[in-house]
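Q: Structure provided below as structure tokens; questions to follow.
The values are calculated or read from the model by the stated rules, or taken from the named source; none is laboratory data. Since the model is a prediction, treat every value here as computed from it, not as a measurement. Quick reminder, even Gly has a Cβ in these numbers, built from the backbone with ideal geometry, and neighbours come from all protein chains shown. Each accessible area value is taken on the protein alone, full model and side chains, heavy atoms only, with ligands, DNA and RNA left out. Shrake-Rupley method; radii C 1.70, N 1.55, O 1.52, S 1.80 Å.
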2 protein chains.
Amino acid sequence: MATRRFPTREELRVWRDFIETGELVRSAMAARLQKDGLSPGDYTVLLALSEAPGERLRSSELATAVGWERSRLSHHLGRMEKRGLIRREECLTDNRGAEAVLAPAGRAIFQQVNRPHLRDIREIFVDALTPAQLEAAGEIMAALREHLTRE
Amino acid sequence: MATRRFPTREELRVWRDFIETGELVRSAMAARLQKDGLSPGDYTVLLALSEAPGERLRSSELATAVGWERSRLSHHLGRMEKRGLIRREECLTDNRGAEAVLAPAGRAIFQQVNRPHLRDIREIFVDALTPAQLEAAGEIMAALREHLTRE
DNA sequence: CCAAGCTGATTGACGTGTCAATTATGCCCG
DNA sequence: CGGGCATAATTGACACGTCAATCAGCTTGG
């Protein structure tokens with residue numbers, strides 16, 4: 001079969017569903033986190049720092065750990081620092097470097113939020129799908145990623 | 001089997017893959033549209049207006065057509081108007097109302113961008129998946145949506 | 001050694017999205 | 001008819017993300 005130039009109506013429908021449902025799911029999760037005053041980004045950063053040795057990471061390591069651009073992380077850490085969730089310290093081994101350190105308030109809110117958040121993942125995502133669908137979802141995401149990075 | 005309290009490691013992996021892959025795919029598409037100077041939001045609005053009778057819609061109809069909150073639409077239309085992509089006119093039948101009208105520049109850019117965009121959907125999304133995966137994706141999105149609105 | 005270039009991180013400008021407040025008009029009931 | 005409530009839309013404040021520019025410190029080849 002020759003490569004079709006344009007998607008069919010049905011393919012287009014699935015594409016739009018993919019985009020819109022993704023937005024719906026993310027915003028549903030964001031709303032739940034927001035009740036405890038955290039954004040999804042906040043949670044991501046707090047999780048990474050919580051798991052890091054000494055609850056601290058170089059900015060660049062943190063950036064690759066969460067898959068963000070440096071600049072995005074820098075802005076986000078600035079906001080989190082202002083709220084007292086993290087501290088910034090200079091790096092001893094490289095004077096250019098900066099380290100982000102989990103602050104007490106950050107540790108406290110993370111511990112308070114983590115288990116409810118895991119339950120929310122189950123309620124919003126896992127419980128919505130059959131085991132077969134969940135497996136298929138994993139494969140679909142892998143295929144999309146693979147295809148994207150292959151270009 | 002009793003309802004598990006927390007997701008398993010594998011379920012968590014799929015959840016994170018779902019979120020991250022969604023972001024990857026959306027940003028890949030955004031990058032392609034950006035080459036023609038359009039954001040995904042711009043495209044959505046231009047598409048809706050192009051298909052509307054008279055290439056015009058009441059703000060509230062446009063909002064429900066694209067599934068946005070009023071306020072978001074208002075901000076976005078403001079930016080698009082500043083760039084000359086749309087015009088705003090008063091509504092004759094309801095003095096509170098406003099209509100968004102496709103401007104010549106908006107029509108031109110949309111016609112220029114639409115076919116390449118459809119090709120991009122095929123390249124980024126459709127071509128990455130087998131027909132079975134595409135069908136499964138549709139069902140998974142439907143299940144997630146259904147589950148969300150059911151709460 | 002030291003200038004040139006690379007790397008780590010921050011900053012500013014700007015587009016985008018949400019929430020709450022505001023403005024203006026329509027509509028209904030007493 | 002007119003006070004009160006609903007509705008249409010906008011606005012302002014702020015969080016978030018990207019891009020390009022910047023700055024400081026490391027590193028290396030001539």
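Q: Would you mind checking which residues have amide H under 5 Å from A:Ile86's amide H? H placed 1.01 Å from N; only 5 or more apart, or other chain.
A: A:Glu81, A:Ala103
Q: With each pseudo-label sitting 7 Å past Cα toward Cβ, what's the A:Lys82-B:Arg150 distance in nm, one decimal?
A: Calculated label separation equals 4.2 nm.
Q: Still on this structure: Rounded, prolate or oblate for region B:37-149? Axes are the square roots of the Cα gyration tensor eigenvalues, ordered a ≥ b ≥ c, and the cut-off for rounded is a/c under 1.5.
A: Judged from the Cα gyration tensor, region B:37-149 comes out oblate (a/c at least 1.5, b/c at or above a/b).
Q: If one computes the Cα centroid of region A:34-65 and of region B:50-79, what distance in Å separates the two points?
A: That distance is 37 Å.
Q: In whole Hz, with x marking every Gly and Pro, tabulate ³J(HN,Hα) for region B:89-97 from phi via Karplus 6.51 cos²θ - 1.76 cosθ + 1.60, θ = phi - 60°.
A: 10, 6, 8, 6, 8, 8, 5, 6, x
Q: Looking at chain A, identify the longest residue range that excludes and avoids all trypsin sites (Lys or Arg not before Pro) in DSSP loops having at most 16 other Cβ atoms within 10 Å.
A: The answer is A:97-149.
Q: Select from region B:1-103 those chymotrypsin sites (Phe, Trp or Tyr not before Pro) which occupy a DSSP coil region and have at most 16 other Cβ atoms within 10 Å, ordered by residue number.
A: Sparse-neighbourhood loop chymotrypsin sites (Phe, Trp or Tyr not before Pro): none present.
Q: As a check on your grasp of the helix formula, calculate [θ] at 222 nm for chain B: sum -39500 (n - 2.57) over DSSP H runs of n ≥ 4, divide by the residue count, round to the nearest 500.
A: Value at 222 nm, helices only, nearest 500: -22000 deg cm²/dmol.
Q: Also, quick follow-up: Dipole size in debye (nearest 20) for the protein assembly as shown around its Cα centre, Lys and Arg Cβ +1, Asp and Glu Cβ -1?
A: Taking the Cα centre of the protein assembly as shown as origin, the dipole is about 680 debye.
Q: Percent of accessible area on chain A owned by carbon and sulfur, 1.4 Å probe? Write out the running numbers ahead of the final one.
A: Working: 4280 of 8440 Å².
The computed percentage sits at 51.
Q: Next question. Hey, what did chain B get for relative contact order, percent, Cα under 8 Å, at least 6 apart?
A: 21 percent
Q: Can I ask one more? In percent, what relative contact order does region A:70-130 have, based on Cα pairs under 8 Å that are 6 or more apart in sequence?
A: Contact order relative to length: 23 percent.
Q: Report, in order of residue number, the helices in chain A meeting two criteria: a C-alpha extent of 30 Å or more along the helix axis, and a mean Kyte-Doolittle hydropathy of at least 1.6; treat each whole DSSP H run as one helix. Please report the intermediate quantities before stating the final value.
A: Numbers: long enough: A:9-34 (37 Å, -0.46).
What comes out of the filter, once short or polar helices are dropped, is none.
Q: Among A:Ala48, A:Ala105, A:Val126, pick out the residue whose Cα is farthest towards the positive end of the charge dipole of chain A, where Lys and Arg carry +1 and Asp and Glu carry -1 on C-beta, about the Cα centre.
A: A:Ala105
Q: For B:Thr8 and B:Asp36, what does the FRET efficiency come to when R0 = 51 Å and r is the distance between their Cβ atoms, rounded to the nearest 0.05?
A: Step by step, r from the Cβ atoms, then E = 0.70.
Q: Rounded to the nearest 20 Debye, what is the dipole magnitude of chain B about its Cα centre when Lys and Arg each give +1 and Asp and Glu each give -1 at the C-beta?
A: 400 debye
Q: Shortest first and in nm with one decimal, please list how far the B:Glu61 label point sits from its counterparts in the other copies (point 7 Å along Cα→Cβ).
A: Spelled out, the distances from B:Glu61's label point are 5.8 nm.
Q: Hey, another quick one. What average count of beta carbons from other chains do you get within 10 Å of the Cβ of residues in A:126-136?
A: Mean shielding by partner chains, rounded to a whole number: 5.
Q: List the distances, in nm and shortest first, from the label point of A:Glu89 to the matching label points in every other copy, placing each point 7 Å from Cα along the Cα-to-Cβ direction.
A: 6.5
Q: Excluding ligands, DNA and RNA, what is the solvent-accessible area per residue of the protein assembly as shown at a probe of 1.4 Å, expressed in Å²?
A: Working: 16870 Å² over 302 residues.
With all protein chains present, the protein assembly as shown gives 56 Å² per residue.
Q: Sticking with this structure for a sec: How about B:Lys35: which lysines have a C-alpha closer than 21 Å to its C-alpha, ignoring those fewer than 8 places off in the same chain?
A: Once the sequence-local lysines are set aside, what remains near B:Lys35 is B:Lys82.
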